[in-house]
1. What ranking do 83-91, 246-254, 201-209 get when scored by the average of other Cβ atoms within 10 Å per residue, highest first?
2. Over the chain, calculate the relative contact order: mean separation of alpha carbon pairs under 8 Å at least 6 apart, over the residue count, as a percent.
3. For the range 373-402 and the range 265-313, compute the distance between their C-alpha centroids and round to whole Å.
4. Sort the range 228-322 into rounded, prolate or oblate with this rule: let a ≥ b ≥ c be the square roots of the eigenvalues of the Cα gyration tensor; rounded if a/c is under 1.5, and if a/c is not under 1.5, prolate when a/b is larger than b/c, oblate otherwise.
5. Counting residues in the range 249-402 as N, plug N into 2.2 N^0.38 Å and put the Cα Rg over that result.
6. How large is log10 of I(q)/I(0) for the range 2-398 at q = 0.06, 0.09 Å⁻¹ when the intensity is taken from the Debye formula with one equal scatterer per alpha-carbon?
7. Apply 1/(1 + (r/R0)^6) to the Cβ-Cβ distance of Ser309 and Asp169, taking R0 = 51 Å, and write down the FRET efficiency to the nearest 0.05.
8. Return the distance in nm (one decimal) between the two label points of a simple spin-label model at Lys352 and Ala233, each offset 7 Å from Cα along Cα→Cβ.
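Derivation of every value follows stated rules applied to the coordinates shown; laboratory data play no part. These figures come from a predicted structure and were not determined experimentally. For neighbour counting, all protein chains shown are included, and Cβ atoms are generated from backbone atoms with ideal geometry for every residue, glycine included.
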Amino acid sequence: MKAAELKIRWPGIREGLYAIGSVAGAALLISITAQTALAQPPDLQWERFFGGAGEERGLSLQETRDAGLIVAGYTGSKGAGQRDILLIKTDKEGDLEWERTIGGPGRDEGWAVAVTRDGFAVAGVTDSWGSGKKDLLFVKTDSNGYERWKKTFGGPEDDWGVAILETADGFAIAGVTTSSGSGGSDGWIVKVDPDGNLLWEVAIGGSKNDGFTSISETEGGYLLAGTTESYGAGGEDLWLVKTDARGERIWEKTFGKDGDERGNYILEVGESLYIVGASTSGTSGGRDLFVVKTDGEGEKIWENTYGGSADDGGSSALAAKDDGIIVVGYTGSQGTGQPDLWLLKIGAGGEKVWEKTFGGAGFDLGRSIVPTKDGGLAIVGWTQSQGSGGQDLWLLKTEKPE
């Protein structure tokens, strides 16, 4: 379905940007902007590139118990089919310990990874197995990345998983379904036991296109962020949903204006919620990073856009020590002029504290960010500015931010 094909390209990046050509051998540049005397952005500690003749992307990242990193994404250079899940384990310096591909004859992608008690869990999408169209794919591996089992969930239309978390009684996966629900695409929560057996699933949405991109466990249930066309001010609006422990909707909030607003990530910081995404309602003329801060019941404290005349957006975030957040995403307004990886800190009151770009002459983007045990930041995404000369998975580590 056309709507599903568009939505699987979240988080908030215009489809046309994906077609930017690679620039082989371009020198990687680092641009620092808007620094203040008292709060400086962190310096790059190291970076690594993983790729081949095809297309590789890093979509999700976690730190492992040994202070290494586990990355999930996909590869078009290796594996059994057109596109396979790529699972990479590195040490704390980013040096490769092992990599695994998981896939069949079709297109398989790993959109989210979780570190479990006995290995790793990956959620994503497949058309190699399941119903014959796109299905949610859930894979469990051992601690060395070898597949223990895989499960598919979905119906006669396209369905996929975008976010995952381990719970006390299994796993909760958030995503999008066009097989069930009230019409168009709906936000989808799939709850499974530790062996991947379905406990329940819930579709939430209206008559138009809706979907979830992020899930967080909260007291008594779940918090989800995404995008809705069925509710709100019209067009696409940022969507915040609170459910009970069975996935039943308790309340929902939408945030949007005259343009399109998308929610890509939700983060609970103290008694507040931050939702990070992108908006076309700003005055800059392009797509802007959009951040909404609410109280625990979803009542808005503030919202703000950040960006310039080109396209800018946020993919993921983590809590800063002063109750603000650090966001990773992409910017066409700062840096080299092409979309660059964008790292910025936003204070608890919505003020921009510092920002920094990483990138070169090609398309470069940060997709996921996590804190590391040494106080630094680890980021994964993809780059066309260095690596094999095509589009490569890009793993970066920064020093401890101030």
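1. Values: 83-91: 23.6, 246-254: 15.7, 201-209: 19.6.
Top of the packing list down: 83-91, 201-209, 246-254.
2. Values: 1293 pairs, mean separation 68.9, N = 402.
17 percent.
3. 23 Å
4. Working: a/c = 2.21, a/b = 1.32, b/c = 1.67.
Verdict is oblate for the range 228-322.
5. Taking N as the residue count of the range 249-402, the ratio is 1.03.
6. Ignoring solvent entirely, the Cα scatterers give -0.20, -0.46.
7. It comes out at approximately 0.55.
8. In this crude spin-label approximation the distance works out to 2.0 nm.
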